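Here is the structure we will look at, set down as structure tokens.
The values are calculated or read from the model by the stated rules, or taken from the named source; none is laboratory data. Not measured: the values here are computed from a predicted model. Methodologically, a virtual Cβ is constructed for each residue, glycine included, from the backbone with ideal geometry; neighbour enumeration extends over all protein chains shown. Keep in mind that these areas ignore ligands, DNA and RNA; they rest on the heavy atoms of the full protein, side chains included. Shrake-Rupley method; radii C 1.70, N 1.55, O 1.52, S 1.80 Å.
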Amino acid sequence: MSSQPRDEAPTGSSEPPTGPTPREQIAIAIRRERMRADLSLSEVARRAGIGKSTMSGLEAGTGNPSVETMWALASALDIPLARLLDPPQHEVALLHAKDLPSLPSNTANYAATLLSASPANARRDVYFIQAEPGQPRNSQPHPVGTIEHVILGQGAARIEVLGQSYELHVGDYLTYPGDQPHEFTALRPETTVVFIVESR
């Protein structure tokens, strides 16, 4: 994962420190939620219908979990799957598609990637945007506490916020404070974007 702009280096030391790998993040989350539920490793493995060695490998960060295994673990722990996958949050974060951890299916050509879990007591509105190169779309600050999530589906786009410029390509995900002025520019014809506006 990377929160650094693709084309411009940060002007300050705003880049978040290097953290655990996606697999390590999942391992930490599984252990955290198991301990919170006060369950043994063996008991969670039994409830999830997986081997104890598989469970041990997942907690050690050496396993390669499938989406089915992770759903089974979430069910065994009686929690939403997002609790085991939610990536670390930063004020502005750009995640490139090639760097995102995904959970492959054991039964189909299918993979799931959690981009962001909804916080408690938040409303999320989803918009599909079609844009063409030309005049940038300037947005004034939304109400305090607003967070915007952007997923680039087709084409390319640039978003400027908090004095930084972020270039998005197909599959990239950007989140930033929507209560600050921000600007959107399509860089290629027929650019499409999904905007999710989160209000608290």
| request: Could you tell me how many degrees, from 0 to 90 and to the nearest 10, lie between the Cα long axis of helix 22-36 and the main elongation axis, the longest principal axis, of the Cα atoms of the chain? | output: 50
| message | Can you pull out the GluC sites (Glu not before Pro) in the stretch 92-200 whose DSSP state is coil and whose Cβ has at most 11 other Cβ atoms within 10 Å? | response | Glu190
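State to the nearest 20 debye the size of the charge dipole of the chain about its Cα centre, where the only charges are +1 on K and R beta carbons and -1 on D and E beta carbons. Don't jump to the answer; show the numbers that get you there.
Numbers: 17 positive and 23 negative charges, 152 e Å.
Charge dipole of the chain: 720 debye, to the nearest 20.
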| field | Surface share of carbon and sulfur [accessible, 1.4 angstrom probe, percent] for the stretch 88-144 | value | 50
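In a shell of Cβ-Cβ distance under 10 Å around Glu183, excluding Glu183 itself, what net charge do Lys and Arg (+1) and Asp and Glu (-1) give?
Net charge around Glu183: +1.
So, for the chain, what is the accessible surface per residue at a probe of 1.4 Å, expressed in square angstrom?
On the way: 11040 Å² over 200 residues.
With all protein chains present, the chain gives 55 Å² per residue.
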| task | For the stretch 128-170 and the stretch 26-44, write down the distance between their C-alpha centroids in whole Å. | result | 38
| field | Radius of gyration and Dmax over the Cα atoms of the stretch 110-191, both given in Å | value | 13.3, 38
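Based on the Kirkwood radius over alpha-carbon pairs, what is the Stokes-Einstein translational diffusion coefficient of the stretch 53-120 at 25 °C with 0.890 mPa s viscosity, in µm²/s? Kindly include the intermediate steps, with their values, before the conclusion.
On the way: Rh = 13.3 Å.
After rounding, the answer is 184 µm²/s.
How much FRET efficiency would the formula 1/(1 + (r/R0)^6) give for Glu68 and Glu132, where r is the Cβ-Cβ distance and R0 is 45 Å, rounded to 0.05? Write down the numbers at each step before the final one.
Working: r = 41 Å, r/R0 = 0.91.
The computed FRET efficiency comes out at 0.65.
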| remark: Projecting the Cα atoms of Ala45, His182, Val126 onto the charge dipole of the chain, where Lys and Arg contribute +1 and Asp and Glu -1 at Cβ, the residue farthest towards the positive end is Ala45
| said: For the stretch 64-200, what does the relative contact order come out to in percent, with C-alpha contacts under 8 Å and a separation of six or more? | reply: 30
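R0 = 35 Å: FRET efficiency of Arg83 with His169, Cβ-based, nearest 0.05?
Working: r = 29 Å, r/R0 = 0.84.
Computed FRET efficiency for Arg83 and His169 comes out at 0.75.
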